[in-house]
Structures are given as structure tokens and as C-alpha cells.
Amino acid sequence: MEAVYTLIEMVVKNIVVVLVLMGFVAYTTLLERKLLGRLQVRPGPNRVGPFGLLQPLADGVKSFFKEDIIPDEADKTIYVLAPGISLFAALSMFAVIPFGGTITLLGREINLVIANIDTGLLYLLAMATLGEYGVVLGGWASGNKYGVLGALRAAAQMISYEVALGLAVIGTIILAGSLNLGEIVAAQEGMWFIVKYPFGFIFYLVAGLAEINRTPFDMPESESELACGFNIEYSSMKFATFMIAEYAHMFTVASIVTTLFLGGWMGPWLPGPVWFLIKVFAVIFFFIWERGTYPRLRYDHIMQFGWKVLLPLTLLNVVVTAALVALGVL
């Protein structure tokens with residue numbers, strides 16, 4: 001009987017987390033357009049529903065009814081699968097992120113995380129790598145030279161910055177002594193890791209922006225040179241799926257930043273999930289703010305910065321952090 005209850009609990013957690021996450025993803029698009037409008041002295045979406053609140057619903061309906069075209073030169077199977085791969089990877093990463101402590105419901109103690117595994121951080125890095133396949137395969141399978149160029153640039157950029165991203169989180173492993181995300185959050189009870197490990201936080205934010213192709217690292221989609229890059233031949237819901245995956249990945253990266261550096265769900269007075277969402281949206285606000293502030297970098301500058309600046313700095317940061325922990329300073 002206990003196994004049945006555990007199975008039901010797991011299914012309910014998955015359904016609730018996916019539905020809530022997709023709802024937040026939909027309205028994050030509205031939040032971004034509103035904030036960018038404020039930054040650029042314009043109102044943003046305000047026609048559909050009061051204050052434009054129904055705009056995400058209108059966008060979804062519009063995307064669903066648009067004509068779905070598959071190019072004659074496309075590899076049709078991979079072309080169709082690619083958006084799903086990107087979305088699956090982005091959503092799957094949330095399986096190990098704890099969004100609260102433990103609650104008691106119907107006499108059962110329930111951990112507010114789908115899968116509390118000991119190698120959660122390794123799982124996140126692996127799924128982040130899997131997400132690249134959707135972008136690369138989508139550009140290649142389209143049978144369009146601009147799509148192929150966007151896919152190649154995406155692959156080079158993501159692989160380059162994944163190295164620095166992986167090194168940036170090593171300090172949190174050293175400080176917490178664990179790869180379990182729940183234990184990493186618990187290790188921040190007295191002091192958040194953003195205080196103990198500030199440079200790691202900065203490096204992770206920069207590498208995370210490159211990982212999710214956000215401005216100023218949006219090379220795979222650079223409209224001025226590649227006419228929308230890897231997704232140029234996508235339309236209707238396939239194009240929308242790529243966009244949903246991008247925003248879901250942004251939400252996931254913000255959740256990882258919250259978990260590794262901002263104390264996760266911990267905070268006074270308010271329930272844990274509320275604190276978790278406050279911190280996540282603070283990070284998302286930063287992502288939106290920098291998009292409206294900084295121009296796109298040149299591709300060679302992005303690659304030089306990744307390999308010649310960010311990588312050496314993250315390596316140095318790991319060595320210094322390890323030395324400080326060994327000496328008992330941290």
C-alpha cells in the first residue's frame with residue numbers, strides 16, 4: 001500500500017509542477033514584454049484583456065491556428081522532434097530542484113521536490129547538455145543554410161560556456177560537501193553562498209545567460225545576420241515550442257541560481273515555496289533588465305570572452321575557494 005501512495009504522490013507532484021511551471025512560463029513572456037516596454041518608454045501589451053493579462057492566451061491560440069509548414073528539404077522526423085527535445089530537457093531539469101521543505105498532508109510527510117537524489121547537480125548539468133541537441137538538430141534538419149549556421153553557432157557557444165558554468169558550481173559543492181540540492185540549500189542556513197562565494201555567483205549568471213541564449217549572448221537567433229537562425233524554418237506550434245522551451249530554461253536557470261546561491265526556499269515568516277518564487281522572479285527580473293540594457297556582442301568577442309576570460313577566472317575561483325575551505329576561512 002505504501003508503494004501505491006508513493007506512486008500517486010510522485011504522479012501528483014509531476015502534474016502540479018509541470019502545470020504551474022507552464023503557467024509561470026506563459027506569464028513570464030508577458031512580464032518580459034511589460035518590463036521591456038517600461039525600459040523603452042512604451043506601454044507593452046495592453047489590448048487583450050485588462051492590462052493585457054490575456055495576451056499569453058492570445059499568443060497561444062494564434063500560434064496554434066497558424067499554418068504549419070515543413071520544408072521539402074527538411075529531415076522531417078528530426079525536424080518535428082527537435083522542439084520537443086528542447087522542451088523536454090528544460091522541463092526535466094526541474095525534477096530535482098527543491099522548492100520547499102517538508103509538509104504534512106493527510107498524515108504523510110511530503111518533500112517539496114519531485115526527486116530528491118544524491119547526484120542532483122550532476123543531473124542538472126547532464127540535462128542542460130541534452131537541451132543543446134534540440135537547437136542543433138532543429139537547425140540542421142531544416143535544410144536551410146541560415147538554420148545550419150545558427151545551429152553551429154549555438155553548439156559552439158553552449159559548449160564553450162558550459163565548461164565555465166560547470167566550474168562555477170564546483171565551489172558550492174566544496175562548501176556544502178554534497179551534490180544533493182536539498183543538502184546544498186540546508187548548508188546555506190546560516191549564510192547564503194552568494195556571500196561566501198560571490199564570484200561563483202557572478203560567473204554562473206554570465207555562463208547561464210550564454211547557456212540559454214539570452215542577450216547579449218543570443219547568437220543562435222541573431223536576426224541581423226541569420227534571419228532568426230536555427231528556427232528560421234519553424235512555424236505554428238513548433239516555433240512556439242522552441243520559445244516555450246527557451247522561457248522554461250530561463251525559469252530553470254533562475255531556480256538553480258536560487259537553490260545554489262540564494263538559500264533556496266529558506267526565509268523568515270513566509271512559506272518556503274513563496275520565498276523560492278520571490279527569489280526566482282528576482283533573478284528573472286535581472287535577465288529581463290539586462291536584455292533591455294545591453295546590445296548583442298560580436299560572435300568572435302563572445303568566444304574570446306568565454307575561453308580567454310571566463311574560463312581562467314572560474315578555474316582561479318575554484319582553486320581559491322578550495323584553499324580557503326581547507327584553511328578554515330570559509
- Query: Looking at segment 1-61, which trypsin sites (Lys or Arg not before Pro) are in a loop (DSSP not H, G, I, E or B) and have at most 16 other Cβ atoms within 10 Å?
  - Reply: 47
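If the limit is 20 Å between Cα atoms, which of 13/34; 76/145; 196/308 go over it? Intermediate values should be presented prior to the final figure.
Numbers: 13/34 31 Å; 76/145 16 Å; 196/308 25 Å.
Checking Cα-Cα distances, 13/34; 196/308 exceed 20 Å.
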- Enter the Cα centre distance for the pair segment 178-217 and segment 83-100, rounded to the nearest angstrom. 18
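Quick one: grab the alpha carbon gyration tensor of segment 1-159, order the square roots of its eigenvalues as a ≥ b ≥ c, and give me rounded if a/c is under 1.5, else prolate or oblate depending on whether a/b is larger than b/c.
oblate
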- Item | Length added when fully stretched, residue 42-residue 7, from 0.36 nm per residue minus Cα-Cα | 7.7 nm
- Per-pair calculated FRET efficiency, R0 = 41 Å: residue 269 and residue 159 via Cβ, rounded to 0.05: 0.45
- Message: On a straight-distance basis, which lysines could pair with residue 66 in a cross-link, Cα separation under 18 angstrom, same-chain partners fewer than 8 positions away excluded?
- Response: 238
- Would you work out which of 161, 134, 283 lies farthest towards the positive end of the dipole of segment 72-326, given +1 charges on the beta-carbon of Lys and Arg and -1 on that of Asp and Glu, about the Cα centre? 283
- Message: Could you list 242, 64 so that the one with the fewest beta carbons within 10 Å of its beta carbon is first and the one with the most is last?
- Response: 64, 242
- Once residue 199 and residue 326 are pulled to full extension, the length gained, defined as 0.36 nm per residue separation minus their Cα-Cα distance, is 43.9 nm
- Query: For segment 193-207, what does the Karplus curve 6.51 cos²θ - 1.76 cosθ + 1.60, with θ = phi - 60°, yield as ³J(HN,Hα) per residue in whole Hz, taken in order and with x for Gly and Pro?
  - Reply: 5, 5, 7, 6, 9, x, 5, x, 4, 5, 5, 5, 4, 5, 5
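Do any chymotrypsin sites (Phe, Trp or Tyr not before Pro) in segment 263-322 lie in a DSSP loop with no more than 10 other beta carbon atoms within 10 Å, and if so, which? Don't jump to the answer; show the numbers that get you there.
On the way: sites: 265, 269, 275, 276, 281, 285, 286, 287, 289, 299, 305, 307; in loops: 265, 269.
Hits after loop and neighbour filter: 269.
Here, each number is a calculation from the coordinates, and none is a lab measurement. It should be emphasised that the depicted structure is a prediction, and the values quoted were computed from it without experimental measurement. All Cβ positions, even for glycine, are placed from backbone atoms using ideal geometry, and neighbour counts span all protein chains on display.
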